[in-house]
2 protein chains.
Amino acid sequence: MGENDGSEIIEHHVEEEMEKKCTRSHAASSSFLESVSPSDREGHSGTQSSHRLLAYSDALISIIATVMILPVAHTKMENNEELRESVQLLLTTKIAVYLMTFLIVTVAWAAHIRLFQVIVRIDDCLALLNLACMMLITFLPYTFSLMATFPEHFLGILLFCGCVMVMGVIQSVIVLYAFSRPFLLNEQIQISENQTYYKHHILKVIMRVPIMCFFASIFSFIFFQLSYVLLAIVIFLPYISRSLKWCRNKAIGQVEETPDSMLFYTYLPNEPLSKDRVEAFSDGVYAIVATLLILDICEDNVPDPTVVQKQFGGSLIAALQVYGPEYLAYFGSFATVGLLWFVHHSLFLHVTKTTRFMGLLNTFSLAFVGGLPLAYQLTHEFPHNSRNELEAIQISCVIIFFAGIFQLAIWVVALYNEQETLHPYVRYGGREHIFMLAKLSLYPCVALGTFFLTCILSKFSASIFHLMEITVPFAFLVLRLLVRVGLALLRLVFCPDRPDHRVIVEEGDDETRVPFNALVT
Amino acid sequence: MGENDGSEIIEHHVEEEMEKKCTRSHAASSSFLESVSPSDREGHSGTQSSHRLLAYSDALISIIATVMILPVAHTKMENNEELRESVQLLLTTKIAVYLMTFLIVTVAWAAHIRLFQVIVRIDDCLALLNLACMMLITFLPYTFSLMATFPEHFLGILLFCGCVMVMGVIQSVIVLYAFSRPFLLNEQIQISENQTYYKHHILKVIMRVPIMCFFASIFSFIFFQLSYVLLAIVIFLPYISRSLKWCRNKAIGQVEETPDSMLFYTYLPNEPLSKDRVEAFSDGVYAIVATLLILDICEDNVPDPTVVQKQFGGSLIAALQVYGPEYLAYFGSFATVGLLWFVHHSLFLHVTKTTRFMGLLNTFSLAFVGGLPLAYQLTHEFPHNSRNELEAIQISCVIIFFAGIFQLAIWVVALYNEQETLHPYVRYGGREHIFMLAKLSLYPCVALGTFFLTCILSKFSASIFHLMEITVPFAFLVLRLLVRVGLALLRLVFCPDRPDHRVIVEEGDDETRVPFNALVT
């Protein structure tokens, strides 16, 4: 089979590469190989690719990041209550908890990525240590919601800090273990002269957070406000230290850093972030969010046979019609999340390198995506043409708009450094440039349009919203055609302005075709 | 960075391979390339690797497969009620629904794998069609629970059959679309002479199910029992037709099949199943199951401040102590699921080819894993030393046992055809053979041991169970040591019997080291 052929070819080259790597590391570090005991060397053969461990970790973390949307989604709105008030009530606690959890879990995830960019191979021991670390990460949302419910009680802070401290200890053990078996490390560190420097640098960065949490947990007994300040500093520490360094550099002149230390744990906005893991994490979040509503439907919306007999005279169809809006909300949210995933997928297909800043924007986009099912559920919960319904629809539009605009922002950021981060096809003047722009701006534009239309034609808000839901998938199907028609129209209007630009694009086609084919496999 | 270096090398070879493939397909099917219109050829450049689409589909399907365990897990046990009775009540409906949903969703998943082993590249249109298909798959569990709650009503059958029929139509459209753009297909079909034969064969297999569902939906109005019979036939159709064919072959002698038709859609037990996708699906299920309890804890176990003030005199710690068993259940189930994932991961690291039968055993193992959180929750819900508690603990042991034994069964099945399916290290006489056996049999043995111990020492059942939970992770950490000690002991006991066998294993070490290193990257 062609597929198997392909993978065989790849595997074959991987084997070659590994052999090369093995011999190289053998030559470079024969001194250490001689120093390890035979049993350690046997351990060497027990090493494994870390790929699947990371995929599993990504799946766990993406579930945990989105879990705190459930308490928000399960808050039932009362019809006689004003939406504005209940939304404000939600905003103050549950949504804040959700957003903060999302932020904190993605910070932990970024730390995990950083760690496993240094450690590229694992063995059984590291796999088990990583599972212990995952268990603590999955417990973080709960400690966080305790903190939000009892902000003045020390227990929430203590539990949170305890988890972070134990995680720090486990991560340090992982680092020490990996540096004691250098064949587990990134090749660059493996052959580097100053391995010890790396070890100390990484340990220093890792232990910074648990030490601050240790102080925060002590202050939680004495003066809990200070604990929160410390925890806030922990999260924004890299940004703060970065901007301080930047200010210092501006003030006293550029200080040259050692090129070696620049590679790992730099916290620079253009520090590379594993593209595979960003994709895996995003896939996890999109998948959970797309199915959130069906989970509820499966559990709650199967009517009891006795109820059907009593209230609906045995008519199952009549009983299910009560749940009609919920099905509609499910299909609407699944379609919207699915299409946002589709846009994300198209974008990352053309991204060749992911940076830290792009990862941050991606996190923001995903945080809004997580709120989508809630928004969709709201749109169908209120009586037709009520003010609540209008506001729920407008909130949905705002959430879709922000989810889409942050995806667009990723692209814009990537364009600033397009030589490094983007495939030639979608760079300025590339043949897919305008098509990609259209794909990325479709949802923000449609959401904005729907928002303003519902402001003007508030009576038909529900119809406009449903029409939007139905037309958008078809718009994506015929988008290539639409873009071509749009370009033709633009050329008609501004005909003498830029005929040459179009020609350049056309000429560029054949040259760039082969690399694109190679990229997408 | 070494990691990036590695991926660059792979990418480089992928590029080469793609170029080769492109030129080859160009040469082989230049006639079709000439026949397509320019706009179609432009569409060619819009093709994408299907990798991420499949990963996202796997994530969605794994969530949906496990979702029906939620209604089971949320059924609260009454303390004064006998566990046996309530479990029987559960068994009849909710657990049956869960198991059947798991089975049906995995059947749909297997069909999806089969389809995308034929179609190896996608474009925007296929991606959108696939999303529509996913939306229908995620709706299946709900239709199924409707069927279980109202078995005599036609609506459940009708909805289920409707979904399956629409899915069949979408899949047929996907096949027709892909065959009209042959560059999307598997290379083997792409260069094959009898493409049309393939197309008809695949369409025939795909449409078989919707057509039977069409008849089932008609019979649901007239004679619903027949509908269920038809639906059962649909699921077991491949097995039935296979065994019929086998019987016929035995009776009238071996009939030679065309080798071409053997490659895809054969439904033979040793039909290859994409290993990546089996891993991705399993990862999804393990991740969801590991976090099921924390989802509940995050939503339900944050006490209300007013309740804490009133019932516990403002003592948050006292209020949280009520939830103590739930935290214990969470950590226990997370650890067990995590370690079962670890065993699965170790096994599939040494599996080189996944067959359909192995996939089936994997599905059974995963179905039991899905029940674990429920079992763990039960163990902590009953008063200490009650008969219910004992039974809950024994049910947990049984579930762990079956989850582990099916993993072991995968290995045993793989050993039957070890030349094709297993890496030399874990074959008979390989250096990791005994270690792998120990890893795979640890959980079944411990579960069985705990089960019988709790039968004898029923008074200490809870302590025995907790001890088991705590020791197993450490047992995995020192397993390599334990196996070595065990082997040494065995050699001591049977000293003159097999000294040569050990020597062979030792000698085999150096020869097999390089391929193993290559495999694990």
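The values are calculated or read from the model by the stated rules, or taken from the named source; none is laboratory data. The shown structure was predicted, so the numbers you read here are calculated from the model rather than taken from an experiment. Please note: Cβ atoms are built from the backbone with ideal geometry, for glycine as well, and neighbour counts cover all protein chains shown.
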### Residue check for B:Val105: on the phi < 0 side of the Ramachandran plot and under 20 Å from the mean Cα position of the chain (by Cα)
yes
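Could you list, in sequence order, the residues of the range B:410-426 that are among the charged types (D, E, K, R) and crowded, with 18+ Cβ neighbours inside 10 Å? So that I can check it myself, show each step before the final result.
Quick first cut of the range B:410-426, residues among the charged types (D, E, K, R) only: B:418, B:420.
Those that are among the charged types (D, E, K, R) and crowded, with 18+ Cβ neighbours inside 10 Å: none in the range B:410-426.
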### Task
Starting from the range A:331-345, keep only residues that are within 7 Å of chain B (Cβ to nearest Cβ), then list their pairs with residues that are of a type in the set (Phe, Trp, Tyr) whose Cβ atoms are within a distance under 7 Å, requiring at least 6 positions of separation or different chains.
A:Trp341/A:Tyr286; A:Trp341/B:Tyr56; A:Phe342/A:Phe476
### helices (runs of 4 or more DSSP H) contained in the range B:400-488 and holding at least 2 residues hydroxyl-bearing (Ser, Thr, Tyr) and modelled with pLDDT under 85
B:461-477
### Query
Would the range A:264-275 turn up any residue that is in contact (Cβ under 8 Å) with a residue 24 or more places away in the chain and part of a helix (DSSP H, G or I)?
yes
### Query
Does A:Val398 fit the bill of being farther than 24 Å from A:Leu70 by Cα, of a type in the set (A, V, I, L, M) and away from chain B (no Cβ under 14 Å)?
no
### Task
Being assigned to a helix (DSSP H, G or I) and either more than 8 Å from chain A (Cβ to nearest Cβ) or surrounded by fewer than 16 Cβ atoms within 10 Å (Cβ to Cβ) (or both) is the filter here, so list the residues in the range B:281-304 that pass it.
B:Phe281, B:Ser282, B:Val285, B:Val289, B:Leu292, B:Leu293, B:Asp296, B:Asp300
### Message
Given (1) over 26 Å from A:Tyr56 (Cα atoms); (2) in contact with a helix residue (DSSP H, G or I) (Cβ under 6 Å, 6 or more places away or on another chain); (3) at pLDDT 60 or above, identify the lone condition not met by B:Val105.
### Response
(1)
### Query
Is there a residue in the range A:178-188 that is assigned to a helix (DSSP H, G or I) and without any contact (Cβ under 8 Å) to a residue 60 or more places away in the chain?
yes
#### Entry: One residue from A:Lys204, A:Lys275 being exposed (fewer than 14 other Cβ atoms within 10 Å of the Cβ) and at pLDDT 80 or above
A:Lys204
### Task
Pairs only if they're at least six apart or on different chains, beta carbon under 6 angstrom, first in the range B:302-328 and within 19 Å of A:Thr93 (Cα to Cα), second at pLDDT 80 or above and not in a helix (DSSP H, G or I); list them, first residue then second.
B:Leu316/A:Phe150; B:Leu316/A:His153
### Query
Is it the case that some residue within the range B:172-183 is buried (at least 21 other Cβ atoms within 10 Å of the Cβ) and under 21 Å from B:Ala59 (Cα atoms)?
yes
### Query
For the range B:308-330, which residues satisfy the criterion of being more than 28 Å from B:Ala462 (Cα to Cα), more than 10 Å from chain A (Cβ to nearest Cβ) and either polar (S, T, N, Q) or crowded, with 18+ Cβ neighbours inside 10 Å (or both)?
B:Gln309, B:Gln311
## Note on the structure
Restricting the range B:427-458 to residues that are among the polar types (S, T, N, Q) and in contact (Cβ under 8 Å) with a residue 60 or more places away in the chain, the one surrounded by the most Cβ atoms within 10 Å (Cβ to Cβ) turns out to be B:Thr454
### Query
Can you tell me how many residues in the range A:101-130 are part of a helix (DSSP H, G or I), within 17 Å of A:Tyr177 (Cα to Cα) and of a type outside the set (Lys, Arg)?
12
### Query
Of the numbered conditions (1) more than 9 Å from chain B (Cβ to nearest Cβ); (2) within 26 Å of the chain's Cα centre (by Cα); (3) of a type in the set (Ser, Thr, Tyr), A:Tyr198 satisfies every one except a single condition; which is it?
(2)
### Extreme residue, modelled with the lowest pLDDT, among residues of the range B:316-333 that are of a type in the set (Phe, Trp, Tyr) and touching a Pro at 6+ places or on another chain (Cβ under 9 Å)
B:Tyr323
